[in-house]
Every structure is written in structure tokens, then in C-alpha cells.
1. Quick check on the stretch 72-90: of everything there that is surrounded by 18 or more Cβ atoms within 10 Å (Cβ to Cβ) and within 16 Å of the ligand (Cβ to nearest atom), which residue is nearest to Y8 (Cα to Cα)?
2. With modelled with pLDDT under 95 and of a type in the set (S, T, Y) as the only criterion, which of S180, S176 stands out?
3. Out of all the residues in the stretch 110-126, is one or more free of Cβ contacts under 8 Å to residues at least 40 places away in the same chain and part of a loop (DSSP other than H, G, I, E, B)?
4. Within the stretch 18-36, how many residues are within 14 Å of the chain's Cα centre (by Cα) and either away from the ligand (no atom under 11 Å from the Cβ) or part of a loop (DSSP other than H, G, I, E, B) (or both)?
5. What single numbered condition from (1) closer than 27 Å to G78 by Cα; (2) surrounded by fewer than 20 Cβ atoms within 10 Å (Cβ to Cβ); (3) more than 10 Å from the ligand (Cβ to nearest atom) fails to hold for P64?
6. Filter the stretch 50-61 for residues that are within 10 Å of L6 (Cβ to Cβ) and in contact with a Lys or Arg (Cβ under 6 Å, 6 or more places away or on another chain); which is farthest from the ligand (Cβ to nearest atom)?
7. Which members of the stretch 44-54 meet the condition of being surrounded by 10 or more Cβ atoms within 10 Å (Cβ to Cβ) and either modelled with pLDDT under 95 or out of contact with any strand residue (DSSP E or B) (no Cβ under 6 Å at 6 or more places or on another chain) (or both)?
8. Please determine, by comparing only the residues of the stretch 93-116 that are buried (at least 16 other Cβ atoms within 10 Å of the Cβ) and hydrophobic (A, V, I, L, M, F, W, C), which one is farthest from the ligand (Cβ to nearest atom).
Amino acid sequence: MPSYKLVYFDLRARAEPVRIMFELAGVKYEDVRIPFGSEEWQKMKPTIGLGQVPVLEVDGKEMPQSGAIYRYVAREHGMIPLDSWEIAQMDVVIETVKDMAPGMGKVFLEKDPAKKEFATEGCQPVLNNMEKLLKKNNGGAGWFVGDKITLADVLAFSMVHDAIPPLIGVEPGDLSYMKSQDALKAFVDRFKVEPKVAAWLQKRPKNVF
Ligand SMILES: N[C@@H](CCC(=O)N[C@@H](CS)C(=O)NCC(=O)O)C(=O)O
């Protein structure tokens, strides 16, 4: 097993899917958390990867870009389907989850009315698409693709459980912003009680983002 060092800020954000995959796979890794906005980061920035984090070090070799890190870790630890069609279905889910980003970026910089609008209206079309994709596989009773957890599930969970709630001013895991996405809600409930995920949710640092 290679030696893994994940370098990010003291946040969940872009690093959390990697942490969740390492936990699911039972892989040991060094979870380096640089204080956000710190002097330490300003010193480190010119020396690491492409000057941004996350960076994953694998046996001392650096890998920047969260998307590349996600796929690499998922590939190494059995969270990418084997079949080309299923890989494409996984990518459809990942691209759909990414459709949340423009709306989220705007809300991040705004005050309460924008947060409320995003929760009640802005995020709903993407949630509906996620619901639709989930239901295409096994009627929505299992995971997004095939019959085991893939990167698609990890990214979908990170988005709806961890990333959106604090953005709209509620706790991670508070899904009250979901309207008619019952399969997606049930998916989150299923994912978070997977034993290794549940253990991680208990012990992970309690960051806002
Ligand atoms: N395309 C990159 C973007 C990485 C990125 O924007 N990282 C931010 C934190 S989420 C960062 O390092 N910000 C500090 C800086 O740019 O100095 C990725 O997906 O990894």
C-alpha cells in the first residue's frame, strides 16, 4: 500500500470526498490540515502542486486537482465501475452534482435572502436531476450506479449532506431544504449509516465548511 498524505485546509469542502473514500476503503493516510487564511498557507502556496489544495502525495509524489485525486483514489480502491457504460453513468452523476457549483458560488458571497432563495428554488432543479438519476438505478433503492458504492455516491453525499446545509445556514446533514427528493433523502440516510462512514462522521473535526 502506498503512503498517502492529503494536504488541504482545516475544512471539509474539496477534500472531504477523498477522506470519505479513504475511510470506506480502510486506508491509512496523513490528513494534513492547514489553517485556512493562515501565514503558514501563504508560505506553502508557492511550494506545493499548482499553488492550490487539495494535493495528494502518493509515496512523496504530488497530485493536484481534486477531480484527478477523486478518480485516482476511487480507481485504486474499487469505487469506479468496471464496465464502460457504467463508468459513463457515474460520470453523468458527477457532472450533475457539479451543476450545483455556479449557484453555490453566488450564495457563498451573498447574505441571507440569497441563501433562502438558493435553498427553496436555486438548488431544486439539480436535486431533481439527482433524484431522477438515482431512481434510474434499481428504482432508487440502492446506489447511483450498479450495486456498490462508487465515486458518484461519495460526491453526491458530500454535496447534499456536507456542502449545501452550511451554505444555507443549517447543520451538515440537515436535509430540510429538500422538497420532493424522497429517494435522494433515503440515499443519504443509507450512506451515512454505512459503518465506516458512520464512524468517520462521529470522529471527524466539526468544521463549518
Ligand atoms: N481546480 C482546483 C481548484 C482548487 C482550489 O480552488 N483550491 C482552493 C481551496 S478550495 C485553494 O487552494 N485556495 C487557496 C489559494 O488559491 O491560495 C481543484 O479542483 O483542486
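The values are calculated or read from the model by the stated rules, or taken from the named source; none is laboratory data. Since the structure is predicted, the reported quantities are computational estimates derived from the model, not experimental observations. Here the Cβ positions follow ideal geometry from the backbone for every residue, glycine too, while neighbour counts run over all protein chains shown.
1. Looking at the filtered set, the residue picked out is V73.
2. Numbers: S176 fails: modelled with pLDDT under 95.
Residue meeting the stated conditions: S180.
3. First, the residues of the stretch 110-126 that are free of Cβ contacts under 8 Å to residues at least 40 places away in the same chain: 110-111, 113-114, 117, 121-122, 125-126.
Then drop every residue that is not part of a loop (DSSP other than H, G, I, E, B), which leaves 110-111.
Within the stretch 110-126, one or more residues are free of Cβ contacts under 8 Å to residues at least 40 places away in the same chain and part of a loop (DSSP other than H, G, I, E, B).
4. So the count comes out to 6.
5. (3)
6. Filtering first and then ranking leaves E57.
7. Those that are surrounded by 10 or more Cβ atoms within 10 Å (Cβ to Cβ) and either modelled with pLDDT under 95 or out of contact with any strand residue (DSSP E or B) (no Cβ under 6 Å at 6 or more places or on another chain) (or both): M44, K45, G51, Q52.
8. Per the stated criteria, the residue is A114.
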